[in-house]
1. Where the centroid of each part is defined by its Cα atoms, how far is region 87-163 from region 180-197 in Å?
2. Could you run the Karplus curve 6.51 cos²θ - 1.76 cosθ + 1.60 with θ = phi - 60° over region 93-98 and give me ³J(HN,Hα) per residue in whole Hz, x for Gly and Pro?
3. Just subtract the alpha-carbon distance of Asn80 and Ala189 from 0.36 nm times their residue separation and send over the number in nm, one decimal.
4. When the chain is treated as a GNM, springs tying every alpha-carbon pair under 10 Å, which of Val269, Val252, Val320 comes out with the largest mean-square fluctuation?
5. At 7 Å along Cα-to-Cβ for each site, give me the label-to-label distance between Val43 and Asp258 in nm.
6. Apply the Karplus curve 6.51 cos²θ - 1.76 cosθ + 1.60, θ = phi - 60°, to the phi angles in region 53-61 and return the couplings in whole Hz, x for Gly and Pro.
7. With only alpha-carbon atoms counted, please give the Rg and Dmax of region 98-155, in Å.
8. How much length is gained if the chain between Ile144 and Leu171 is pulled fully straight, taking 0.36 nm per residue apart and subtracting their Cα-Cα distance, in nm to one decimal?
Amino acid sequence: MTTIIICVDNRSSYFYNIDICNELLERGTVVVCLLQSRSAKIVVLLAGFVMLLGCMMASVLYGYYNFNLQQVWDAHLIPNGTNEHLIITNIRVPAALIGAAVGASLAIAGTLMQALTKNPLADPSIFGINSGAVLCVVLGMMFINVNMSLGELVWLAFGGATVIAFFVLVLGSVGKGGFSTIKLALAGAAISAFASSITSGVMLLNEESLDTALFWLTGSIAGREMKHFVDIIPYILFGWLVVMFLPRSLNVMAMSDDVAKGLGQNTVVAKSVTVLVVVLLAGGSVALTGPIAFIGLMVPHVCRYLVGTDHHWLIPYSAVMGGIFLVAADTLSRFIVLTEQVPVGMTTALIGVPFLIYIARRRTYE
């Protein structure tokens, strides 16, 4: 029996007519979400946004060096070139902005992937985005310049993630039956394994690329500058803009492709646009920080528990919760080893592995 999570709210746009409601009830068990009224969802969403701002402020203030609000204010209005002001403007503020943007983007991308594949354990790595980004970085250092700047590596990673994702999409669309989420997942797994094996081989042949490759593989916000954020954020913003028009299509496709087509949904166009958004959000995120695992997996599940599966609510909740999670994890990473910052990818993995085991054992979302 399939378990379907719905939000019991008369004003929810998740149910389009009584036939869909009846089909859902016939297909599985109804699980009521925590927040049932529209007003409660709005209040909690606003509270989450305030919490996100608070986490970003804490990220700026606390770490190996602690600052106060006056120092942050002075660093932007009357900078004097001191180490404190340079740390605030060149390290802490970019880290807070990148953490919020990447966390939100990965969470949204995970939500879209789980809706697209109807797989509760799906995340953006299915497209091979992570392995493609690292492969392109390693190849760039081997054949172009081993001492490439971080800005050049960011663009290499974004290009590699995009090319691999497009290749996976093509493989998932060719052949009998056209586009299929099963073929997409299989193509992604195969291409990811292939790209990872090439990456390992290149690193063995070119040991100089080993440190940088490992740096990208762990995922980190440290060392990123505001110019890197400015270069990539237009692609992420475009992905955020497009995803605002997807909730209705995702809600319809959540039933089944046959139901969606019966309701007049062009599933090919909807899936293609969804894939494009995932590539923009996840590709841009990996380019900035490297692969940071488990955000795209964990956050959508937490948000479904709060607001159900109506994507009109699920997507904004995922964005806010994803930003909170990554910014908080990055801040926490500074205190694990005080002499240096632990890559945030390690912190998210420490939290994500137990969560993955819990989800796999509980089997609530199917």
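1. What the calculation gives is 18 Å, centre to centre.
2. Once θ is set to phi - 60°, the couplings for region 93-98 become 5, x, 4, 5, 5, 5 Hz.
3. Result for the pair: 34.1 nm of gain on full extension.
4. The residue that fluctuates most here is Val269.
5. 4.3
6. Once rounded to whole Hz, the list reads 4, x, 5, 5, 5, 4, 5, 6, 7.
7. That works out to 14.7, 42 Å for Rg and Dmax.
8. Full extension of this stretch gives 6.8 nm more.
Taken together, the values in this text are just the output of simple stated rules run on the coordinates, not laboratory data. As the structure is a computational prediction, the values presented were derived from the model and not from experiment. Quick reminder, even Gly has a Cβ in these numbers, built from the backbone with ideal geometry, and neighbours come from all protein chains shown.
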